[in-house]
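Written below as structure tokens is the structure these notes are about.
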Amino acid sequence: MTFGLINKLLLLLKSNVELHTATSKTLSFGSGALQTWHSDKTVQERGLVVIDPKAKDIILEHKSYCAKKVKEKHFLGDVLGYITPWNSHGYNIAKIFGNKFTLISPAWLQVKRKGKERFQVSGLHDADQGWIKEVKKNAKNIQIVPRILFEGWTYHDFESVFGSEDEIEELSDTMVRVDKDENFDGFVVEVWSQLGNGKQTELVHLLSHLSEALHQARLKLILVIPPAVTPGTNQLGMFTKKEFDQLAPVVDSFSLMTYDYSAPQRPGPNSPLPWVQACVQVLDPESRWRSKILLGLNFYGMDYSALGASGEPILVHYPIWQISVATEQYSGQLLNNVAMESVFLPLPDSGSLVT
């Protein structure tokens with residue numbers, strides 16, 4: 001399993017996990033039945049955690065979970081779950097399985113520069129205080145750390161802030177104030193990829209000041225970082241060991257984007273294991289800061305068009321019966337790559353490829 005290959009790494013579990021809250025029922029499609037029920041046995045006890053999972057087991061069991069274990073957390077490190085705009089079911093996941101997470105990050109907020117030393121945080125209308133209270137009521141130790149984007153920033157905006165300590169201080173004060181007013185516990189900051197390979201030194205300086213301000217208010221800063229190895233190549237990414245070593249003592253955690261390896265133009269696995277390992281080892285070869293790396297694990301598949309023009313995530317409303325039919329039709333033709341942890345499955349009458 002992946003857990004054995006990433007010794008002492010923290011996990012970042014995306015909220016795309018498609019579980020259900022419905023009462024026990026069975027839906028029939030084709031020759032199989034889709035079971036959506038609460039089981040008295042864990043997935044291990046049901047023999048579902050194996051190296052070579054069967055397509056029929058995924059189809060029949062993908063909506064079932066052990067109701068007796070929803071409050072038990074087995075992984076000792078931090079677990080961060082994103083709630084993405086394209087999968088609002090994550091809100092229910094956080095309420096039901098909150099005790100399995102330490103951090104939940106709804107993709108709510110944007111910080112905008114409105115002029116000299118003037119900043120505004122938008123997206124607060126999405127912040128559901130009732131949901132936050134319910135999540136924290138069910139899981140006492142969970143923390144809400146919304147993702148915040150630097151939206152609409154021009155290169156000139158970044159240069160102006162980088163060159164002024166007053167701008168940096170005002171930006172930090174604005175973000176701390178919003179955090180406290182909204183009863184958040186910090187932020188997941190996504191900014192690094194916006195400047196490509198430029199201004200790394202200035203970004204490190206800005207993030208160090210922001211982290212210090214949040215820490216003084218007893219708030220967290222988790223930094224989203226792109227993969228250290230560019231997907232599909234052996235080239236280093238735009239966030240290197242140098243920046244990692246500078247920021248590791250400063251931020252609380254790194255959210256490492258070890259997913260979305262493939263693209264519509266080159267369909268394939270979401271997170272091939274050798275690439276995932278390389279992304280971690282390049283940043284922290286001596287395992288000094290592994291406790292701060294939140295390893296990105298995708299809990300979704302991708303449906304790629306045969307024309308290569310689009311790719312979209314497979315969610316709970318995806319027509320699972322198509323996969324069921326395809327499994328029967330192409331059972332002898334599946335391309336299963338263990339190293340890549342992927343199965344390529346052509347869907348009937350659609351021209352699509354599911355991975």
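Residues in segment 177-201 that are outside any helix (DSSP H, G or I) and not small (Gly, Ala, Ser): 182, 183, 184, 185, 187, 188, 189, 190, 191, 197, 199.
Among the residues of segment 38-68, write down those that are in contact with a Lys or Arg (Cβ under 8 Å, 6 or more places away or on another chain), of a type outside the set (Val, Ile, Thr) and either open to solvent by less than 50 Å² (accessible area, probe 1.4 Å) or part of a helix (DSSP H, G or I) (or both).
To start, the set of residues in segment 38-68 that are in contact with a Lys or Arg (Cβ under 8 Å, 6 or more places away or on another chain) comprises 39-40, 42, 61, 66.
The next check asks that each one be of a type outside the set (Val, Ile, Thr); those that pass are 39-40, 61, 66.
Correct list: 39, 61, 66.
May I ask you to say which residue of 253, 271 is in contact with a Lys or Arg (Cβ under 9 Å, 6 or more places away or on another chain) and either small (Gly, Ala, Ser) or free of Cβ contacts under 8 Å to residues at least 12 places away in the same chain (or both)?
Answer to the selection: 253.
Residue pairs whose Cβ atoms lie under 7 Å apart, sitting 6 or more positions apart in sequence or on different chains, and linking a residue in segment 170-187 that is closer than 13 Å to residue 221 by Cβ to a partner that is in a helix (DSSP H, G or I) and open to solvent by 60 Å² or more (accessible area, probe 1.4 Å), are 172/209.
Output yes when any residue across segment 128-141 is in a loop (DSSP other than H, G, I, E, B), over 29 Å from residue 174 (Cβ atoms) and open to solvent by 70 Å² or more (accessible area, probe 1.4 Å), and no when none is. Scanning segment 128-141 turns up at least one residue that is in a loop (DSSP other than H, G, I, E, B), over 29 Å from residue 174 (Cβ atoms) and open to solvent by 70 Å² or more (accessible area, probe 1.4 Å).
Conditions (1) crowded, with 22+ Cβ neighbours inside 10 Å; (2) closer than 29 Å to residue 277 by Cβ; (3) polar (S, T, N, Q), marked per residue:
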| position | (1), (2), (3) |
| --- | --- |
| 202 | no, no, no |
| 207 | no, yes, no |
| 211 | yes, yes, yes |
| 217 | no, no, no |
| 220 | no, yes, no |
| 225 | yes, yes, no |
| 230 | no, yes, yes |
| 234 | no, yes, yes |
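On the given criteria, is residue 319 at pLDDT below 55 and either hydrophobic (A, V, I, L, M, F, W, C) or touching a Leu at 6+ places or on another chain (Cβ under 7 Å) (or both)? So residue 319 does not fit the description; no. Residue count for segment 272-306 satisfying the condition of being part of a strand (DSSP E or B) and open to solvent by 60 Å² or more (accessible area, probe 1.4 Å): 0. On the basis of being in contact with a strand residue (DSSP E or B) (Cβ under 9 Å, 6 or more places away or on another chain) and either open to solvent by 20 Å² or more (accessible area, probe 1.4 Å) or assigned to a helix (DSSP H, G or I) (or both), does residue 174 make the cut? Yes: the conditions hold for residue 174.
Could you list all residues from segment 156-169 that are closer than 17 Å to residue 207 by Cα and open to solvent by 60 Å² or more (accessible area, probe 1.4 Å)? 159, 163, 165, 166, 169, listed by residue number. In this structure, residue 117 does not satisfy being charged (D, E, K, R), open to solvent by 50 Å² or more (accessible area, probe 1.4 Å) and within 23 Å of residue 78 (Cα to Cα). Consider segment 251-269 and keep the residues that are touching a Gly at 6+ places or on another chain (Cβ under 8 Å) and within 23 Å of residue 103 (Cα to Cα). The one that is surrounded by the fewest Cβ atoms within 10 Å (Cβ to Cβ) is 252. In the set 149, 80, 76, 109, only one residue is in a loop (DSSP other than H, G, I, E, B) and either buried (at least 21 other Cβ atoms within 10 Å of the Cβ) or hydrophobic (A, V, I, L, M, F, W, C) (or both); that residue is 76.
In segment 177-200, which residues are among the small types (Gly, Ala, Ser) and buried (at least 18 other Cβ atoms within 10 Å of the Cβ)?
186
For residues that are touching a residue at least 24 places away in the same chain (Cβ under 8 Å) and assigned to a loop (DSSP other than H, G, I, E, B), scanning just segment 83-101, find the one that is surrounded by the fewest Cβ atoms within 10 Å (Cβ to Cβ).
Result: 86.
The values are calculated or read from the model by the stated rules, or taken from the named source; none is laboratory data. Owing to the predicted nature of the structure, the values given are computational and were not obtained by experimental measurement. Don't worry about glycine lacking a Cβ; one is built from the backbone with ideal geometry, like all the others, and counts go over all protein chains shown. With ligands, DNA and RNA removed, areas are computed over all heavy atoms of the protein, side chains included. Shrake-Rupley method; radii C 1.70, N 1.55, O 1.52, S 1.80 Å.
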